[in-house]
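Enquirer: Here it is, the structure, as structure tokens.
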There are 2 protein chains.
Amino acid sequence: MRTKIYFDHSATTPVDPEVLKAMMPYLKDKFGNASSAHSFGQEAMKGVDSAREAIANFLGCEPKELIFTSGATESDNIVIQGVIKATKEKFPERKLHIITSAIEHPAILEPCREMEKAGVLVTYLPVTEKGLVRVGDVEKAITDDTVSISIMYVNNEVGTIQPIAEIGGIVKAVKDGRQKAGNKLPLIFHTDAVQAVNYCNCQVNELGIDLMSISGHKIYGPKGIGALYVRGGTLIKSIQLGGHQERGIRAGTLNTIGIIGLGKAVELVNRKQSSSAELRRIKELRDKLVEGVLKTIPESQVNGDLEKRVPSNTHFSFLNAEGESILLMLDLEGIAVSTGSACASGSLAPSHVLLAMGVPKEVAHGSLRVTLGRFTKEKDIYKFLKILPPIIKKLREMSPIK
Amino acid sequence: MRTKIYFDHSATTPVDPEVLKAMMPYLKDKFGNASSAHSFGQEAMKGVDSAREAIANFLGCEPKELIFTSGATESDNIVIQGVIKATKEKFPERKLHIITSAIEHPAILEPCREMEKAGVLVTYLPVTEKGLVRVGDVEKAITDDTVSISIMYVNNEVGTIQPIAEIGGIVKAVKDGRQKAGNKLPLIFHTDAVQAVNYCNCQVNELGIDLMSISGHKIYGPKGIGALYVRGGTLIKSIQLGGHQERGIRAGTLNTIGIIGLGKAVELVNRKQSSSAELRRIKELRDKLVEGVLKTIPESQVNGDLEKRVPSNTHFSFLNAEGESILLMLDLEGIAVSTGSACASGSLAPSHVLLAMGVPKEVAHGSLRVTLGRFTKEKDIYKFLKILPPIIKKLREMSPIK
């Protein structure tokens, strides 16, 4: 491990030692089921309550507006499926319409396709060649039947920051208009903020967000835990049924260990990550890396907007060098990167995000996502810049296309 | 903690120190996303594969027949909802019928009620006054439209062991008959084995099981992790959509920490718990506790079959003493018990399990579940037998009903 370099923080992050320390008592003595009435249960619930408060504080919401889930995939599924389920029950006669973007995570896109099978109309908004949703496109797409809009905060592949607050403003105006016009259909604005929590303002009221998905393992917390912010009064139903946990929106024994970890992870983001010094540090390292790559490797490019982008992310394409091969050769040198999202790993199809941005297939195939993090050091950047160019050169020499 | 006694092992168990030890590397250095192609990912997947093999070995199935979930509630939901979803798609013209029992966990009963809303017929089988499903009732309930049968292996409140192998035999005969008769509808036999893993034979082929739910935190593993055994070829669909993890049946980043913990927990059950010496030890402690209670407390009874029962469980009713009050007074003395399942905690309604057994409401209200475990000592039993009788006496003196 000592000599290895991890540049895949968008796939997952190491658990921060402070997070692990907070989790340990719950892995040992504080093992009670938070739903139990006795002191073991109360002790566990006390921990859960503190974590819920820490996260609520970070999002600027009420603690009771937070639902703990097994991760962002579950949160996203509750959003897409649970809103339609609840709306169909309340407005059985209405046509329903969802707006999302072509560059969302599969945890949004797949449930949307499922809803299409069930008769729901779904609009998949295009993006600019820089990987950004146009606010005007959202506005134009909204109809009287639109019930939910789901636009990710930060894209998981190219790291672009979407105009969430602006969309939130439009949604608010449409809601007001509906009230005046007597259209009772709710309009619910969701954002998958998994890749945003580390770097962006997540205050739900400032953004005009009704639902927000977050994940533990992308923010130096454990895997297997996530949360869903649900604005009070939002029309939504559970998809996982059973006990009465989490306001009836999510049945199942509370994952105390994960919840404690998530709470501490969010607290640390607030304390460490989002300081301007740390944001600047990561941005400077990333910019150094980008500059070095573009300068030393011909026919290389950065995909996605350079400004509206989280400081940790960069995403390259190298002509005539296969992304998967670059990844494997870097791995042999002890450097971990990815070609796209880990969730689509194993698939040889070019990334749906790059295709939506209009990146040609042959360019998309030579893509590499390099994502830095809290523990990235300057020397890691130098090592990468030393090792990558000869790898690309070698692969190009081997390539049948010259 | 030192002086506290934990008698609520059916609600949750402490994490075994050996389980925690196995998890630690994955909470530290081995943090990769198991879907990542680089060595961090491969290292995580290697751990996942070992855990999957350990569990497959315990169930006598193929590793690829195991799907990791966030817990038994999710597993149960996939079973009830996922089988109906897949069957409806394949046999859109057929009526569908589910058989279950009146004493199942809410994670089965609630999804069943949801399926009823969607037009599925559900039979809730009654149980004997000892809390046992009658095999003959299952046989009689099966029709040509029956697609799934879900009977829990061990009841979570009264600890009764259901006749799973016998039901498995009947299901097999019906399957054979359907094949001959040209009825193409699948018949899928599921058991929620959450409370059985510690004490019962869980070899799926010996039992004739097609789907089996298990949970980490009931077997000295962590919370937030479970598994679902899915016999190869079973007609079932995902309810949580997204990435391609777990054969497409369960999307979402693999919870490596939880999976490693579950694998080790199952391995320990195999090595420690299921030894005849340990089973005998727990049974002797439980029997001593039961004998002591019945001898020293008048108008007390044990609910549920005395023989067909896991060795860890006992469940009392005390006339004219409120269960919740007994629980709280025991808690003040440092003894943790429960009145029923933790998942239904907070509800004042009498247990659906006891009502199905024909226990009168006033008797049900005076109920106490006492469940022993791996770390229970003989002196804990003596302390309980010393503390409980004066509590019951006091509560009865306070009771308006004499």
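The values are calculated or read from the model by the stated rules, or taken from the named source; none is laboratory data. From a predicted model like this one, the values you see are computed outputs, not experimental measurements. Note: ideal-geometry Cβ built from the backbone for every residue, glycine included; neighbour counts use all protein chains shown. To get the accessible areas, we keep the full protein, side chains included, count just its heavy atoms, and leave off ligands, DNA and RNA. Shrake-Rupley method; radii C 1.70, N 1.55, O 1.52, S 1.80 Å.
Enquirer: Could you name the aspartates and glutamates whose alpha carbon sits less than 16 Å from that of A:Lys46, not counting residues in the same chain fewer than 8 places away?
Expert: A:Asp29, A:Glu246
Enquirer: Report the FRET efficiency, 1/(1 + (r/R0)^6), for B:Glu18 and A:Ser275, where r is their Cβ-Cβ distance and R0 is 30 Å, rounded to 0.05.
Expert: Working: r = 40 Å, r/R0 = 1.34.
Rounded to the nearest 0.05, the efficiency is 0.15.
Enquirer: Stick to the Cα atoms of the range B:18-68, pair each with every other, and give me the Kirkwood hydrodynamic radius in Å at one decimal. All intermediate terms of the calculation are to be shown ahead of the outcome.
Expert: Numbers: mean 1/r = 0.0858 Å⁻¹.
About 11.6 Å, per the Kirkwood formula over Cα pairs.
Enquirer: Top mean-square fluctuation among A:Arg231, A:Arg178, A:Arg250, Gaussian network model of chain A, C-alpha springs under 10 Å?
Expert: Checking each option, the largest mean-square fluctuation is seen for A:Arg178.
Enquirer: If R0 is 35 Å, what FRET efficiency do you get for B:Arg113 and A:Lys95 from their C-beta distance, rounded to 0.05? Could the numbers behind the result be given before it?
Expert: On the way: r = 27 Å, r/R0 = 0.78.
Between B:Arg113 and A:Lys95 the formula returns 0.80.
Enquirer: Quick check for me: using +1 on Lys/Arg Cβ and -1 on Asp/Glu Cβ, what's the dipole size of chain B about its Cα centre, in debye to the nearest 20? Provide the component values of the computation, followed by the final result.
Expert: Working: 51 positive and 45 negative charges, 92 e Å.
In total the dipole reaches around 440 debye.
Enquirer: So, one more: Based on Cβ point charges of +1 for Lys and Arg and -1 for Asp and Glu, what charge dipole magnitude is obtained for the range A:146-188 about its Cα centre, in debye rounded to the nearest 20? Could the numbers behind the result be given before it?
Expert: Working: 5 positive and 3 negative charges, 75 e Å.
It comes to approximately 360 debye.
Enquirer: Divide, for the protein assembly as shown, the radius of gyration over alpha carbons by 2.2 N^0.38 Å, where N is the residue count. Before the final figure, lay out each step's value.
Expert: On the way: Rg = 27.4 Å, N = 804, 2.2 N^0.38 = 28.0 Å.
Here the answer is 0.98, to two decimals.
Enquirer: Separate question: In Å² (nearest 100), what accessible area is buried between A and B, both sides summed, heavy protein atoms only, 1.4 Å probe? The partial results should precede the final answer.
Expert: On the way: alone 17850 and 17870 Å², together 30380 Å².
The A and B chains share an interface burying roughly 5300 Å².
Enquirer: A further question follows. Enumerate the calculated ³J(HN,Hα) couplings along the range A:223-234 in order (Karplus 6.51 cos²θ - 1.76 cosθ + 1.60, θ = phi - 60°), each rounded to whole Hz, writing x wherever the residue is Gly or Pro.
Expert: My calculation for the range A:223-234 gives 6, x, 9, x, 8, 10, 7, 10, 3, x, x, 5 Hz in order.
Enquirer: Antiparallel versus total DSSP beta bridges in the range B:17-273: what percent is that, nearest 5?
Expert: Working: 10 of 25 bridges.
For the range B:17-273, the DSSP antiparallel bridge percentage is about 40.
Enquirer: Step through the residues of the range A:14-23 one at a time and calculate ³J(HN,Hα) from phi using the Karplus curve (6.51 cos²θ - 1.76 cosθ + 1.60, θ = phi - 60°), rounding each to whole Hz and writing x for Gly and Pro.
Expert: Running phi through 6.51 cos²θ - 1.76 cosθ + 1.60 with θ = phi - 60° gives x, 6, 4, x, 5, 5, 4, 4, 5, 6 Hz.
Enquirer: What are the aspartates and glutamates whose alpha-carbon lies under 16 Å from the alpha-carbon of A:Lys283, with same-chain residues fewer than 8 places away excluded?
Expert: A:Asp8, A:Glu291, A:Asp305, A:Glu307, A:Glu378, A:Asp380
Enquirer: Over the whole of B:217-227, what's the average partner chain Cβ count within 10 Å per residue? Rounded to a whole number, please. Intermediate values should be presented prior to the final figure.
Expert: Numbers: counts 6, 2, 0, 1, 0, 9, 16, 15, 6, 3, 0.
Rounded to a whole number, the mean comes out at 5.
Enquirer: Let me ask you something else. What percentages make up the Cα-Cα pair-distance distribution of the range A:123-167 when the bins are 5 Å wide from 0?
Expert: The distribution over the range A:123-167 is 5, 20, 34, 24, 11, 5, 1, given as percents.
Enquirer: Let me ask another. When the Cα centres of the range B:50-88 and the range B:249-267 are compared, how far apart do they sit, in Å?
Expert: Going from one Cα centre to the other spans 12 Å.
Enquirer: In whole percent, how big is the carbon plus sulfur part of the accessible area of chain A, probe 1.4 Å, protein atoms only?
Expert: Details: 8260 of 15190 Å².
Using a 1.4 Å probe with all protein chains present, chain A comes out at 54 percent carbon and sulfur.
Enquirer: Projected onto the charge dipole of the range A:255-402 (+1 at Lys/Arg Cβ, -1 at Asp/Glu Cβ, origin at the Cα centre), which of A:Ser367, A:Asn270, A:Thr256 gives the Cα projection farthest towards the positive end?
Expert: The residue sitting most towards the positive pole is A:Asn270.
Enquirer: If you don't mind, another one. Using only the alpha-carbon atoms of the range A:131-261, report the extent along each of the three principal axes, biggest first, to the nearest angstrom.
Expert: So the three principal-axis extents are 46, 36, 21 Å.
Enquirer: Might you tell me the accessible area per residue for chain B, computed with a 1.4 Å probe and given in Å²? Each step should come with its number before you reach the end.
Expert: Numbers: 15190 Å² over 402 residues.
Heavy-atom accessible area per residue stands at 38 Å².
Enquirer: Same structure again: Rounded to the nearest Å, what's the spacing between the alpha carbon centres of the range A:268-283 and the range A:155-233? Just the number, please.
Expert: 22
Enquirer: Can you compute the helix-only [θ] at 222 nm over chain A? Use -39500 (n - 2.57) per DSSP H run of at least 4 residues, normalise by all residues, nearest 500 deg cm²/dmol.
Expert: -12500 deg cm²/dmol
Enquirer: For the range B:17-273, take every pair of Cα atoms, bin their distances at 5 Å starting from 0, and report each bin as a whole percent.
Expert: 1, 6, 14, 18, 19, 16, 11, 8, 4, 2, 1, 0
Enquirer: Have a look at B:Gly119, B:Val293, A:Ile103 and report the one farthest towards the positive end of the charge dipole of the protein assembly as shown, computed about the Cα centre with Cβ charges (Lys/Arg +1, Asp/Glu -1).
Expert: B:Val293
Enquirer: Between their Cα atoms, which of A:Lys130/A:Lys288; A:Lys237/B:Lys180; A:Lys223/B:Lys237; A:Lys264/B:Lys4; A:Lys218/B:Lys90; A:Lys175/A:Lys272 are more than 31 Å away from each other? Intermediate results must be reported in sequence, preceding the final value.
Expert: Details: A:Lys130/A:Lys288 21 Å; A:Lys237/B:Lys180 42 Å; A:Lys223/B:Lys237 24 Å; A:Lys264/B:Lys4 28 Å; A:Lys218/B:Lys90 38 Å; A:Lys175/A:Lys272 37 Å.
Pairs exceeding 31 Å: A:Lys237/B:Lys180; A:Lys218/B:Lys90; A:Lys175/A:Lys272.
Enquirer: Now for a separate question. Among B:Thr69, B:Thr191, B:Thr123, determine the one that fluctuates most according to a GNM of chain B built with springs between C-alpha atoms less than 10 Å apart.
Expert: Maximum fluctuation in the GNM of chain B, among the listed residues, is at B:Thr123.
Enquirer: Residue by residue through the range B:302-316, what is 3J(HN,Hα) from phi via Karplus (6.51 cos²θ - 1.76 cosθ + 1.60, θ = phi - 60°)? Round to whole Hz and write x for glycine and proline.
Expert: Taking θ as phi minus 60°, the curve returns 9, 9, x, 4, 7, 9, 7, 7, 5, x, 8, 9, 9, 9, 9 Hz for the range B:302-316.
Enquirer: Separate question: If you filter the range A:18-105 for trypsin sites (Lys or Arg not before Pro), then keep DSSP loop positions with at most 16 other Cβ within 10 Å, what is left? Write down the numbers at each step before the final one.
Expert: Details: sites: A:Lys21, A:Lys28, A:Lys30, A:Lys46, A:Arg52, A:Lys64, A:Lys85, A:Lys88, A:Lys90, A:Arg94, A:Lys95; in loops: A:Lys28, A:Lys30, A:Arg94, A:Lys95.
Answer by residue number: A:Lys28, A:Arg94, A:Lys95.
Enquirer: Among A:Ile98, A:Ile391, A:Ile67, whose mean-square fluctuation peaks in a Gaussian network model of chain A (Cα, cutoff 10 Å)?
Expert: A:Ile391
Enquirer: Normalised radius of gyration for the range B:168-222, please: alpha carbon Rg relative to 2.2 N^0.38 Å, two decimal places.
Expert: Details: Rg = 14.3 Å, N = 55, 2.2 N^0.38 = 10.1 Å.
Normalised by 2.2 N^0.38 Å, the Cα Rg of the range B:168-222 equals 1.42.
Enquirer: Next question. Near the amide H of A:Asp192, under 5 Å away, which other amide H atoms are found, from residues 5 or more places off or on another chain, if H is placed in the peptide plane?
Expert: Residues meeting the amide H criterion: A:Ile151, A:Met152, A:Tyr153, A:Ser213.
Enquirer: Helix A:323-332 versus the longest principal axis of chain A: what is the Cα-based angle in degrees, 0 to 90, to the nearest 10?
Expert: That works out to roughly 80 degrees.
Enquirer: For helix B:39-59, report the angle its Cα long axis makes with the longest principal axis of the Cα atoms of chain B; keep it between 0 and 90° and round to the nearest 10°.
Expert: So the helix axis and the longest Cα principal axis differ by about 70 degrees.
Enquirer: Comparing the chain by itself with all protein chains present, which residues of the range A:29-52 are at least 20 Å² less accessible (probe 1.4 Å)?
Expert: A:Asp29, A:Phe31, A:Asn33, A:Ser35, A:Ser36, A:Ala37, A:His38, A:Ser39, A:Phe40
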